[in-house]
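Worksheet for the structure shown next.
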Amino acid sequence: MPTPSMEDYIEQIYNLIEEKGYARVSDIAEALSVHPSSVTKMVQKLDKDDYLIYEKYRGLVLTPKGKKIGKRLVFRHDLLEQFLKIIGVKNENIYHDVEGIEHHLSWDSIDRIFDLVQYFEEDGSRMEALKDIQRQNEHSD
């Protein structure tokens, strides 16, 4: 299983490839706000662990294993963003909060959050009831 740092890289590489069709060391460095040399070290480690194939000066591609994990990490991130929106977290806090918690939840917890998000999204009246509760709580503070 990849470390939290490896997960951040795999997730970012997956996103870049989905968005641009490729991921370069410089793109990854910019997206993660790290030095290109740090990206090169991590990419070499991810290559060694069979998450991607890296050829110096030629770029990189995710292996099937890397794609599978990348897709799952993006799903986790997006799901947590949805969940925080549902429970009323302010938009300006959501990204930072997700980054802070995503590596600390088990996949069992992620699955239960998915069930809860589905529960609220499959019936609009449930979302309305939750928003009513949130509005009541705002007025009682």
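Assuming 0.36 nm per residue, please report the length gained on full extension of the stretch N91 to V61 beyond their Cα-Cα distance. Intermediate results must be reported in sequence, preceding the final value.
Values: separation 30, 0.36 × 30 = 10.80 nm, distance 3.28 nm.
Contour length minus Cα-Cα distance gives 7.5 nm.
Hydrodynamic radius of the range 32-83 by the Kirkwood approach over all distinct alpha-carbon pairs: 12.2 Å. Bridgeable lysines around K65 (alpha carbons under 23 Å apart, same-chain partners fewer than 8 residues away excluded): K20, K41, K45, K48, K56. One chain, two ends: Y22 and D123. Fully extended at 0.36 nm per residue, the span grows by 32.5 nm beyond their Cα-Cα distance.
For the chain, the fraction of C-alpha pairs more than 22 angstrom apart is 47%.
Quick note: the coordinates plus some simple rules give every number you see, no bench work behind them. As the structure is a computational prediction, the values presented were derived from the model and not from experiment.
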